[in-house]
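Read the structure below first, then the notes.
The values are calculated or read from the model by the stated rules, or taken from the named source; none is laboratory data. Bear in mind the structure is a predicted one, so any value in this text is a computation, not a measurement. For neighbour counting, all protein chains shown are included, and Cβ atoms are generated from backbone atoms with ideal geometry for every residue, glycine included.
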Amino acid sequence: MSLHKSLSTGGKLSRARNVLTRDERIARLIEEGRFVEGETPVYGLPKVRTIVAKVKKKKKKKEEETGETAAS
């Protein structure tokens, strides 16, 4: 029996996750200085914002295009 293509992961995640594991949240809180080991409880951690980097497409400048065609 075959597996439906929507159920397979493909080995990698193609988009950013909005839910972090407890270990990832603690690591982020330590980086921000909001988690002190031994003092801060492990359960009931504060929310951590996930930052998603947007990739913009590069636009060609008209000057470069006209310069290349005139040189050819």
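Brief remarks follow.
Residue-wise test of (1) assigned to a helix (DSSP H, G or I); (2) of a type in the set (D, E, K, R); (3) modelled with pLDDT under 75.
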| site | (1), (2), (3) |
| --- | --- |
| Met1 | no, no, no |
| Ile26 | yes, no, no |
| Arg34 | no, yes, no |
| Leu45 | no, no, no |
| Gly67 | yes, no, yes |
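- Residue count, the range 33-64 (criterion: under 26 Å from the mean Cα position of the chain (by Cα), surrounded by 10 or more Cβ atoms within 10 Å (Cβ to Cβ) and more than 24 Å from Arg15 (Cβ to Cβ)): 4
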